[in-house]
Amino acid sequence: MSEWRPTLGAIVNGHAGTAFRVWAPAARTVHVSLEREGSLDERALTRQGGGVFAATFGDVAAGLRYRYRIDGGPPNRDPASRFQPDGVHGASMTVDPLAFGWADGAW
């Protein structure tokens, strides 16, 4: 049996950083806006096949809030977000699900 792995959203890869992937087939440009201690760090994602924009950043770990900006528009939450600490209208947050210490391995 194979393990399911997400293909969209912010995917934390431990020491390799975080991969951001969003499906935006009609977009010309997509940026991820990283919220770092009161300042914004905006980075471009690269168009991939099938309408996906993606990039991996080695300096982004779990616990960082982010939003996507499409074609210079307003920042929006990640539609494939795994955590919305400030509710559905707030920024998304990167999480590392493999960091959770499961107590029941037989479940």
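The values are calculated or read from the model by the stated rules, or taken from the named source; none is laboratory data. These figures come from a predicted structure and were not determined experimentally. Cβ coordinates were reconstructed from backbone atoms using ideal geometry, including for glycine residues, and neighbour counts include every protein chain displayed. Ligands, DNA and RNA are stripped out before the accessible areas are found, and what is left, the full protein with its side chains, is counted by its heavy atoms. Shrake-Rupley method; radii C 1.70, N 1.55, O 1.52, S 1.80 Å.
Of all residues in the stretch 1-29, those that are touching a residue at least 60 places away in the same chain (Cβ under 8 Å) and within 17 Å of residue 75 (Cα to Cα) have Cβ atoms under 7 Å from Cβ atoms of residues that are open to solvent by less than 80 Å² (accessible area, probe 1.4 Å) and acidic (Asp, Glu), 6 or more apart or on another chain, in 9/78; 10/78. Of the strands (runs of 3 or more DSSP E) that lie entirely inside the chain, those containing 2 or more residues that are surrounded by 10 or more Cβ atoms within 10 Å (Cβ to Cβ) and of a type outside the set (A, V, I, L, M, F, W, C) span 18-23, 30-36, 39-44, 65-70. Beta carbons closer than 9 Å, at least 6 apart along the sequence or on distinct chains, pair a first residue in the stretch 88-99 that is small (Gly, Ala, Ser) with a second that is modelled with pLDDT under 90 for 99/14.
Do we find that residue 46 is closer than 16 Å to residue 23 by Cβ and either among the β-branched types (Val, Ile, Thr) or in contact (Cβ under 8 Å) with a residue 24 or more places away in the chain (or both) in this structure? Against the criterion (closer than 16 Å to residue 23 by Cβ and either among the β-branched types (Val, Ile, Thr) or in contact (Cβ under 8 Å) with a residue 24 or more places away in the chain (or both)), residue 46 qualifies.
For the stretch 53-81, give me each residue that is closer than 17 Å to residue 26 by Cα and within 12 Å of the chain's Cα centre (by Cα). Selection gives 53, 54, 68, 76, 78, 79.
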